[in-house]
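Read through the structure below, which is laid out as structure tokens, and then see the notes.
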Amino acid sequence: MTDRIKVLIVDDIPETRDHLTKLLGFESDIDVVGAAASGAEAIQMAVALGPDVVLMDINMPDMDGIATTEQLAVKCPAAAVVMMSVQGEADYLRRSMLAGAREFLVKPFSSDELTGSIRQVWTRERDKQSRIVAPAAAAAGATAGTAYAAPGTVVAVFSPKGGVGRTTIAVNLAVAAASLGGRRVALMDASFQFGDVGVLLNLNPKNKSIADLTSQLETGELEELDSYMIEHSSGVRVLLAPSSPEQAELITAMHARRVVERLRAEHDLVVVDCPSSFNDATLASSTRRT
Ligand SMILES: Nc1ncnc2c1ncn2[C@@H]1O[C@H](COP(=O)(O)OP(=O)(O)O)[C@@H](O)[C@H]1O
Ligand SMILES: [Mg+2]
């Protein structure tokens, strides 16, 4: 990944675009990736080029800089807009900020003011992004951009009360972690009696649940665990709870622990959806043996 700041210039006046391009061309840490002559072109180019910073003229025919900024916030949210205007009135400033601009430069500005603003906005934005990404990556057992350390992390989602959103959180956490890419994510439904992970993910296979593994679990051989897991379209590999409540009794704490340990060894993240009661199997699924 390069640390150069990718800048897109948006101004309807060709001389201004050329002038800004030349000015920024002297900066070793800034790359002008494109120059758009209108709001519509700016959106197209921003989507295609993924700039870090967009230098936006406020006064343009057709779509002005404020309307363009509003659309960019939806279509290219990672791009930070620096608004440029000959008018410095509070109303312009307020409307620009409401539209999502991060900085406001009143023309004429010096080249130092321009580059200073670009760098400041970029640094702020990068810090913000890293704070957003870091918790998700940490939950998935990795820091951004680095590989997982083996064995994987176990995240058990528990609450002593039912209906508070455990399954919703567990399922969404697993799917979100899988969608970050490059991670092996398992989801285990440990609500052995009334598990509903299959319902949420629309999975309803026959004879594919932890209950079907009990004979192997007794002997400790878990060679076939893989074939009892279902791959969801998100990439999450799911081990469902038994399809009928009475089968829950077959699963002991030792079984639950063996399954979690095995899943941990083969995945970067193991999310466990726990029931609302403490029993031996829940404790075994959600605590780590040291
Ligand atoms: N953040 C939320 N806001 C509103 N409803 C929610 C939220 N999280 C879950 N729900 C709803 O609450 C109900 C119970 O959620 P569920 O995840 O099954 O809870 P639990 O697993 O703790 O029993 C479901 O109908 C679910 O759609
Ligand atoms: Mg639940």
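The values are calculated or read from the model by the stated rules, or taken from the named source; none is laboratory data. Note that the structure is a prediction, hence the values are computed from the model and not measured. Ideal geometry is used to build each Cβ from the backbone, glycine not excepted, and the neighbour counts take in all protein chains shown. Calculation scope for accessible area: heavy atoms of the full protein, side chains included, ligands and nucleic acids excluded. Shrake-Rupley method; radii C 1.70, N 1.55, O 1.52, S 1.80 Å.
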Item to complete: Run through the DSSP bridge list for the chain and note the antiparallel percent, rounded to the nearest 5.
Response: 5
Discussion item. Among Leu203, Leu269, Leu240, which one shows the highest mean-square fluctuation when the chain is modelled as a Gaussian network with alpha-carbon springs under 10 Å?
Written reply: Leu203
Fill in: Degrees between helix 14-25 axis and first principal axis of the chain (Cα, 0 to 90, nearest 10)
60
Discussion item. Given axes a ≥ b ≥ c from the Cα gyration tensor, I'd like to know whether the range 5-67 is rounded (a/c under 1.5), prolate (a/b larger than b/c) or oblate.
Written reply: oblate
Discussion item. Tell me the per residue accessible area of the range 5-137 using a 1.4 Å probe; a whole number in Å² is fine.
Written reply: 49
Worksheet item: What FRET efficiency would be calculated for the residue pair Glu224, Lys161, taking the C-beta separation as r and a Förster radius of 45 Å, to the nearest 0.05?
Response: 0.80
Worksheet item: If the cut-off is 28 Å between C-alpha atoms, which lysines fall inside it for Lys6, apart from same-chain ones fewer than 8 positions away?
Response: Lys22, Lys75, Lys107, Lys128
Discussion item. Need one number: % antiparallel among DSSP beta bridges in the range 154-290, to the nearest 5.
Written reply: 15
Response to the item:
Of the accessible area of the range 5-137, computed with a 1.4 Å probe and all protein chains kept, carbon and sulfur make up a percent value of 56
Item to complete: Find, among the GluC sites (Glu not before Pro) in the range 184-278, those assigned to loop by DSSP (not H, G, I, E, B) with at most 12 other beta-carbon atoms within 10 angstrom.
Response: Glu221, Glu223, Glu224
Worksheet item: Per the 1.4 Å probe, what fraction of the accessible area of the range 228-290, in percent, lies on carbon and sulfur atoms?
Response: 49
Worksheet item: Check Val81: other-chain or 5+ apart residues with amide H under 5 Å from its amide H, H built from backbone geometry?
Response: Val54, Arg102
Worksheet, complete the sentence: If amide H atoms are modeled at 1.01 Å from N in the peptide plane, then the residues at a separation of 5 or more from Val155, or on another chain, having amide H under 5 Å from its own are Val270, Val271, Val272
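May I ask for the Kirkwood hydrodynamic radius of the chain, worked out over all distinct Cα pairs and given in angstroms to one decimal?
Hydrodynamic radius (Kirkwood, Cα pairs) of the chain is 22.2 Å.
Ignoring chymotrypsin sites (Phe, Trp or Tyr not before Pro) that are buried or in helix or strand per DSSP, and keeping those with at most 13 other beta carbon atoms within 10 Å, what is the longest stretch of the chain between them?
Answer - 110-193.
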Practice prompt. Round to a whole angstrom and tell me the spacing of the C-alpha centers of the range 211-290 and the range 150-189.
Written response: 13
Fill in: Amide H contacts under 5 Å for His267, placed H, 5+ residues apart
Gly152
Discussion item. Can you tell me how the range 153-286 classifies by the Cα gyration tensor, rounded, prolate or oblate, using a/c under 1.5 as the rounded cut?
Written reply: rounded
Discussion item. I'd like the orientation of helix 90-99 relative to the chain: the angle between its Cα long axis and the longest Cα principal axis, in ° from 0 to 90, rounded to 10.
Written reply: 30
Item to complete: Over the range 183-290, give the accessible area per residue in Å² for a 1.4 Å probe, as an integer.
Response: 49
Discussion item. Output the 0 to 90 degree angle, nearest 10, between the alpha-carbon long axis of helix 65-75 and the longest principal axis computed from the alpha carbons of the chain.
Written reply: 20
Item to complete: Quote the accessible area belonging to Asp112 in square angstrom, nearest 10, computed with a 1.4 Å probe and with ligands, DNA and RNA left uncounted.
Response: 120
